[in-house]
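S.K.: After the structure tokens below, expect a handful of questions from me.
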Amino acid sequence: MNNKLFLGLGLAAIALAIGVGVYGILGTSGNTPEELAQNTGADTALQNCPASLERGKTLDPLATGDIAAFRALDEPLDMTTINFVDGEGNQKTLADWNGKIILFNLWATWCPPCREEMPYFETLQTTKGGDTFQVVPVSIDLGDASKPKGFYAQTGLKALPFMHDNTMNAFHDLKKKAVALGMPTTLLVDRNGCGLGVLNGPAQWAGPDAIKLIDAAIALPDLG
């Protein structure tokens, strides 16, 4: 009896230790306390983007059909400091498109679903791009820009701007915030550079379901 009691207490202690260990590693958001402490953009997002949370939630009912995986963000997300370079190597950030609704996409040539949905973005930019809306795809291919530029040429992508981040910092930053879960990752961003929602994985971004979502985002009142 005593041996059984001792064994039971030992197993309970091990289970408790495992549970504490897992929680300590992941926390409630999947990040370690150290990673959360290093999230220097958190204060800026809380200051600049709280209204975007409620605005994003108004788009959730439109997450149907081809874009059923779209979801509003759970925490404020300031996207304005995400940086990359354009086709000429000039430094850019999403703040360069402030004043427009942005569909921000992270893609790579080694990602088959990314490659498949790029023509949809081309069509979407051709039909909806202008003073109120812009698709901003950013390649995270390592090395120089020859591979993603070659894909643009082979696929006939002309309406889409070419952007490149060979550091993958944009993806890693969004992954730390539990926003980017894999490739491709696409975020809808408001006129102030604040995230509204995200879709992880590919989607038919030129279809009627996506157009309804984009139109609803464009129709959101300007916060100034």
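S.K.: Can you name the number of the only condition in (1) of a type in the set (D, E, K, R); (2) touching a Leu at 6+ places or on another chain (Cβ under 6 Å); (3) surrounded by fewer than 13 Cβ atoms within 10 Å (Cβ to Cβ) that residue 144 fails?
M.R.: Condition (2) is where residue 144 drops out.
S.K.: Quick one: count up the residues across region 123-141 that are surrounded by 20 or more Cβ atoms within 10 Å (Cβ to Cβ) and either without any contact (Cβ under 8 Å) to a residue 40 or more places away in the chain or among the β-branched types (Val, Ile, Thr) (or both).
M.R.: Looking only at that region, the number is 9.
S.K.: Moving on to the next point. Only residues that are small (Gly, Ala, Ser) and either more than 18 Å from the chain's Cα centre (by Cα) or outside the structural domain of residue 201 (by TED's automatic domain parsing) (or both): list them for region 79-138, please. Full working, then the answer.
M.R.: Within region 79-138, the subset small (Gly, Ala, Ser) is 87, 89, 95, 99, 108, 129-130.
Of everything in region 79-138, those that are small (Gly, Ala, Ser) and either more than 18 Å from the chain's Cα centre (by Cα) or outside the structural domain of residue 201 (by TED's automatic domain parsing) (or both) turn out to be 87, 89, 99, 129, 130.
S.K.: Ok, one more. Consider residue 93 carefully, then state whether it is closer than 22 Å to residue 172 by Cβ, at pLDDT below 95 and hydroxyl-bearing (Ser, Thr, Tyr).
M.R.: Values: closer than 22 Å to residue 172 by Cβ: yes; at pLDDT below 95: no; hydroxyl-bearing (Ser, Thr, Tyr): yes.
No; evaluated as a whole, the condition is false for this residue.
S.K.: Take the residues in region 50-87 that are polar (S, T, N, Q) and surrounded by fewer than 20 Cβ atoms within 10 Å (Cβ to Cβ), then tell me which one is modelled with the lowest pLDDT. Steps first, please.
M.R.: First, pick out the residues of region 50-87 that are polar (S, T, N, Q): 52, 58, 64, 80-81, 83.
Next, only the ones that are surrounded by fewer than 20 Cβ atoms within 10 Å (Cβ to Cβ) stay: 58, 64, 81, 83.
Details: 58: 95, 64: 97, 81: 91, 83: 95.
Here the answer is 81.
S.K.: Got at least one residue in region 183-206 being among the acidic types (Asp, Glu), farther than 26 Å from residue 65 by Cβ and surrounded by 19 or more Cβ atoms within 10 Å (Cβ to Cβ)?
M.R.: Just the residues of region 183-206 that are among the acidic types (Asp, Glu), to begin with: 190.
So of that shortlist, the ones also farther than 26 Å from residue 65 by Cβ come out as none.
No, region 183-206 has no match at all.
S.K.: Can you tell me how many residues within region 101-122 are surrounded by 20 or more Cβ atoms within 10 Å (Cβ to Cβ) and charged (D, E, K, R)?
M.R.: Residues flagged as surrounded by 20 or more Cβ atoms within 10 Å (Cβ to Cβ) and charged (D, E, K, R) within region 101-122 amount to 2.
The values are calculated or read from the model by the stated rules, or taken from the named source; none is laboratory data. From a predicted model like this one, the values you see are computed outputs, not experimental measurements. Backbone-built Cβ (ideal geometry, glycine too); neighbour counts: all protein chains shown.
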